[in-house]
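Here is the structure we will look at, set down as structure tokens.
The values are calculated or read from the model by the stated rules, or taken from the named source; none is laboratory data. Everything numeric in this text was worked out from a predicted model, so none of it was measured. Glycine gets a Cβ as well: all are built from the backbone with ideal geometry, and neighbour counts include every protein chain shown.
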Amino acid sequence: MIEWLISECVDEDGTPVVSGWFDEKSRKNRAFRKLQNRLEGRLDAIRAGGPDLVVADSGISPHIDKIRISGRLTIRVFLVRGPTDLEVTLIGASIEKDRKLIEPGIEEDARQRQRRLADGTAKRTEYVHIPALDS
């Protein structure tokens with residue numbers, strides 16, 4: 001079985017956009033670690049069989065998909081397929097309230113990251129799989 005690669009965009013300062021977002025948020029609220037554990041389960045499913053069973057259309061762009069994770073809080077993690085075959089790239093995350101994103105500018109950030117991935121100018125790194133996070 002071929003395993004899918006999961007990478008994530010890196011900001012200008014070298015911080016991975018999704019794992020850095022979780023690290024920042026979990027300092028203030030430990031519920032984010034539980035949500036990150038749930039995300040890890042979804043990413044394991046993508047690694048094993050691809051994104052088709054796990055992701056949904058984001059509504060931001062036809063090329064951007066989302067993973068919705070629910071708990072005490074609800075978050076959306078945005079991803080695009082590629083830039084290579086059998087690869088998805090995480091491009092952002094946001095808290096969701098009443099089905100609306102509350103992180104300022106996340107939709108435009110996701111579009112810009114998708115465009116930079118498409119034209120080859122985006123920096124990315126392999127997403128580090130964390131088997132069990134302390135919750």
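Assorted remarks:
- Only one entry in LEU117, LEU90, LEU86 is aliphatic (A, V, I, L, M), touching a strand residue (DSSP E or B) at 6+ places or on another chain (Cβ under 7 Å), on the phi > 0 side of the Ramachandran plot and touching a residue at least 40 places away in the same chain (Cβ under 8 Å), namely LEU86.
- Whichever residue in region 126-135 is at pLDDT 60 or above, loosely packed, with under 15 Cβ neighbours inside 10 Å and of a type outside the set (A, V, I, L, M) and, among such residues, is farthest from SER26 (Cα to Cα): GLU126
- Complete set of residues in region 39-65 that are within 14 Å of the chain's Cα centre (by Cα) and of a type in the set (D, E, K, R): GLU40, ARG42, ASP44, ARG47, ASP57, ASP65
- Contact annotation: residue pairs with Cβ atoms under 6 Å, 6 or more positions apart or on different chains, pairing a residue in region 1-23 that is over 15 Å from ALA93 (Cβ atoms) with a partner that is surrounded by fewer than 20 Cβ atoms within 10 Å (Cβ to Cβ) and small (Gly, Ala, Ser), are TRP4/GLY50.
- Within region 28-62, restricting attention to residues that are of a type in the set (Asp, Glu) and within 16 Å of MET1 (Cβ to Cβ), the residue that is surrounded by the fewest Cβ atoms within 10 Å (Cβ to Cβ) is ASP52.
- Answer residue from region 89-115, given it is under 22 Å from LYS34 (Cα atoms) and polar (S, T, N, Q) and is surrounded by the fewest Cβ atoms within 10 Å (Cβ to Cβ) among those: SER94
- In region 65-76, the residues that are of a type outside the set (Asp, Glu) and at pLDDT 90 or above: LYS66, ILE67, ARG68, ILE69, THR74, ILE75, ARG76
- Inclusion of LEU73 among residues that are touching a helix residue (DSSP H, G or I) at 6+ places or on another chain (Cβ under 9 Å) and either buried (at least 21 other Cβ atoms within 10 Å of the Cβ) or touching a residue at least 40 places away in the same chain (Cβ under 8 Å) (or both) is warranted.
- Only listed residue being surrounded by fewer than 21 Cβ atoms within 10 Å (Cβ to Cβ), at pLDDT 90 or above and under 18 Å from VAL128 (Cα atoms), chosen from LEU79, LEU86: LEU86
- Look at region 35-58: where a residue is more than 20 Å from ASP85 (Cβ to Cβ) and in contact (Cβ under 8 Å) with a residue 24 or more places away in the chain and a partner is of a type in the set (Phe, Trp, Tyr) and crowded, with 17+ Cβ neighbours inside 10 Å, sitting 6+ places away or on another chain with Cβ atoms under 9 Å, you get LEU35/PHE22; GLN36/PHE22; LEU39/PHE22; SER58/PHE78.
- ALA118 being surrounded by 12 or more Cβ atoms within 10 Å (Cβ to Cβ), farther than 21 Å from ARG42 by Cα, over 16 Å from the mean Cα position of the chain (by Cα) and not β-branched (Val, Ile, Thr): yes
- Any chance ARG68 is in contact (Cβ under 8 Å) with a residue 24 or more places away in the chain, under 14 Å from the mean Cα position of the chain (by Cα) and not in a helix (DSSP H, G or I): yes
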